[in-house]
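What follows is calculated from the coordinates using simple rules that are stated; it is not laboratory data. Note that this is a predicted model, so its numbers are computed, not measured. Positions of Cβ are generated from backbone atoms using ideal geometry, with glycine treated the same way; all protein chains shown enter the neighbour counts.
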Amino acid sequence: MSVSVLESISVVLFNRLKLLVDQTTYNTNVCEVIWPTRLGAEWTPKHLQIVLTQGEEEGLDDLSYPGNPPSVARRQTFNIRCHVMTNEQDAAAVETIINTFAADIVKVVCTEANWYQFGGLSINAEWLPKEDVPSDGGADGVNVPIAIIYRTSEGDPYTVRA
């Protein structure tokens with residue numbers, strides 16, 4: 001079965017985030033990285049958990065090229081939600097944990113040279129402003145969105161175009 005360019009980019013991003021699980025290189029030791037199913041029934045929020053979801057996609061006419069077939073550029077946002085559920089005895093401020101978590105997300109995704117190309121699948125990527133997630137009785141956390149720009153053939157989302 002063929003995998004679309006967008007799905008391939010998702011896999012690369014997911015695998016990079018998984019490098020934070022059970023490691024000693026980064027400051028945040030993530031418990032798990034999940035890609036929820038449609039109903040999301042198989043997981044519950046945990047301390048130092050990452051939930052990866054796709055956000056909005058938009059077409060980019062300025063980066064599309066004419067040709068036969070033409071190439072179409074798209075900008076896909078991914079939401080990297082970081083859950084923080086500290087206990088009452090934790091001495092560290094929750095903001096400190098959240099800031100460190102968000103910094104480690106950026107660092108692990110950007111570790112490779114030409115990180116923004118996601119293995120030759122995209123033409124650019126940019127970090128969007130972080131979005132705080134207030135607890136309201138549940139998990140605190142932060143969303144660290146990333147927008148990835150990629151190109152495919154107009155009628156073939158399985159073919160990468162430069």
Using only Cα atoms, find the angle between the long axis of helix 5-18 and the longest principal axis of the chain, and express it within 0 to 90 degrees, rounded to the nearest 10. 20 degrees
Mind listing the phi-derived Karplus ³J(HN,Hα) values for the stretch 46-56, rounded to whole Hz, using 6.51, -1.76 and 1.60 with θ = phi - 60°, and x for any glycine or proline? 9, 5, 6, 10, 10, 10, 9, 9, 7, x, 6
Pairwise label distance in nanometres, residue 4 with residue 107, each label 7 Å out on the Cα-Cβ vector: 3.4 nm
Chain lengthening between residue 22 and residue 61 when straightened (0.36 nm per residue, less Cα-Cα): 9.9 nm
Of all the stretches in the chain, which is the longest one without any exposed loop site, taking GluC sites (Glu not before Pro) in a DSSP loop (any state but H, G, I, E, B) with at most 11 other Cβ atoms within 10 Å? 89-162
Specify the residue with the greatest mean-square fluctuation among 11, 84, 30, computed from a Gaussian network of the chain linking alpha-carbon atoms under 10 Å apart. 11
Round to the nearest 10 and give me the degree value, 0 to 90, for the angle of helix 94-109's Cα axis relative to the longest principal axis of the chain. 30 degrees
Lys and Arg at +1, Asp and Glu at -1: neighbours of residue 98 with Cβ under 14 Å from its Cβ sum to -4
Hey, what number do you get for the chain at 222 nm if only DSSP H runs of n ≥ 4 count, each worth -39500 (n - 2.57), divided across all residues, to the nearest 500? -6000 deg cm²/dmol
Among [x] 63, 35, 29; [y] 45, 31, 22; [z] 83, 41, 26, the entry matching Cα extents along the principal axes in Å as calculated here is [x]
